[in-house]
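Note sheet for the following structure.
The values are calculated or read from the model by the stated rules, or taken from the named source; none is laboratory data. Here the structure is a predicted model, which means the values were calculated and not measured. Note that each Cβ is placed from the backbone with ideal geometry, even for glycine, and that neighbours are counted across all protein chains shown. Heavy atoms of the whole protein, side chains included, go into the accessibility calculation; ligands, DNA and RNA do not. Shrake-Rupley method; radii C 1.70, N 1.55, O 1.52, S 1.80 Å.
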Amino acid sequence: MTDRELMSMAKAASMNAYVPYSRFAVGAALECDDGTVFTGCNIENAALGDTICAERTACVKAVSEGRLRFRRIAIYADSENWCTPCGSCRQFLAEFSPEMEVLCAKAGDRYVSYKLSELLPHTFNY
Ligand code: THU
């Protein structure tokens with residue numbers, strides 16, 4: 001699968017975002033090392049701190065289906081700035097694959113690519 005195909009899955013997933021509070025819809029598409037893709041969207045809650053980001057939704061779907069190693073994640077938001085993962089999502093993904101690739105989009109067709117270890121050096125682990 002190409003980066004662009006993965007990103008279009010992320011964009012499609014953003015359509016399911018439940019965002020009555022922020023109105024900021026995010027979609028993610030997580031490619032596992034066996035090629036399986038799990039998508040996710042952000043799901044907000046009236047108790048705002050209980051909100052789950054799109055990246056973590058995709059990750060919990062993958063892990064709960066027995067996938068523990070990831071190659072790439074594409075993240076899409078129809079936003080002005082690149083939609084890079086929040087700190088909690090960086091740590092959450094790094095638990096499984098600190099060297100995975102992170103593709104971050106914004107409104108339009110362009111995206112930027114990072115290694116997760118670049119976005120979160122010195123990940124906490126023990
Ligand atoms: N959000 C994500 O889903 N992923 C990110 O990478 C950044 C933020 C969500 C959380 C919340 O629902 C909304 O975007 C605004 O912060």
Here is a list of conditions, (1) open to solvent by less than 70 Å² (accessible area, probe 1.4 Å); (2) part of a loop (DSSP other than H, G, I, E, B); (3) not aromatic (Phe, Trp, Tyr), and ASN125 meets all of them except one; can you say which number that is?
(1)
If you scan segment 94-110, which residues turn out to be out of contact with any strand residue (DSSP E or B) (no Cβ under 7 Å at 6 or more places or on another chain), more than 20 Å from ALA25 (Cα to Cα) and among the aliphatic types (A, V, I, L, M)?
ALA94
Sole residue being open to solvent by 70 Å² or more (accessible area, probe 1.4 Å), under 12 Å from ALA105 (Cβ atoms) and of a type in the set (D, E, K, R), chosen from ASP78, ASP50
ASP78
Restricting attention to segment 59-75, which residues are open to solvent by less than 10 Å² (accessible area, probe 1.4 Å) and closer than 22 Å to ASP109 by Cα?
ILE73, ALA74, ILE75
Filtering segment 84-99 for residues that are within 21 Å of ARG69 (Cβ to Cβ), hydrophobic (A, V, I, L, M, F, W, C) and either touching an Asp or Glu at 6+ places or on another chain (Cβ under 9 Å) or within 13 Å of the ligand (Cβ to nearest atom) (or both) leaves a count of 3
Of everything in segment 1-21 that's open to solvent by less than 90 Å² (accessible area, probe 1.4 Å) and among the hydrophobic types (A, V, I, L, M, F, W, C), which residue is nearest to the ligand (Cβ to nearest atom)?
VAL19
Could we say that ASP109 is part of a loop (DSSP other than H, G, I, E, B) and modelled with pLDDT under 95 here?
yes
Among the residues of segment 22-40, are any over 19 Å from THR123 (Cβ atoms), hydroxyl-bearing (Ser, Thr, Tyr) and crowded, with 18+ Cβ neighbours inside 10 Å?
yes
Only one of (1) more than 11 Å from the chain's Cα centre (by Cα); (2) more than 10 Å from the ligand (Cβ to nearest atom) does not apply to LEU48, and that is (2)
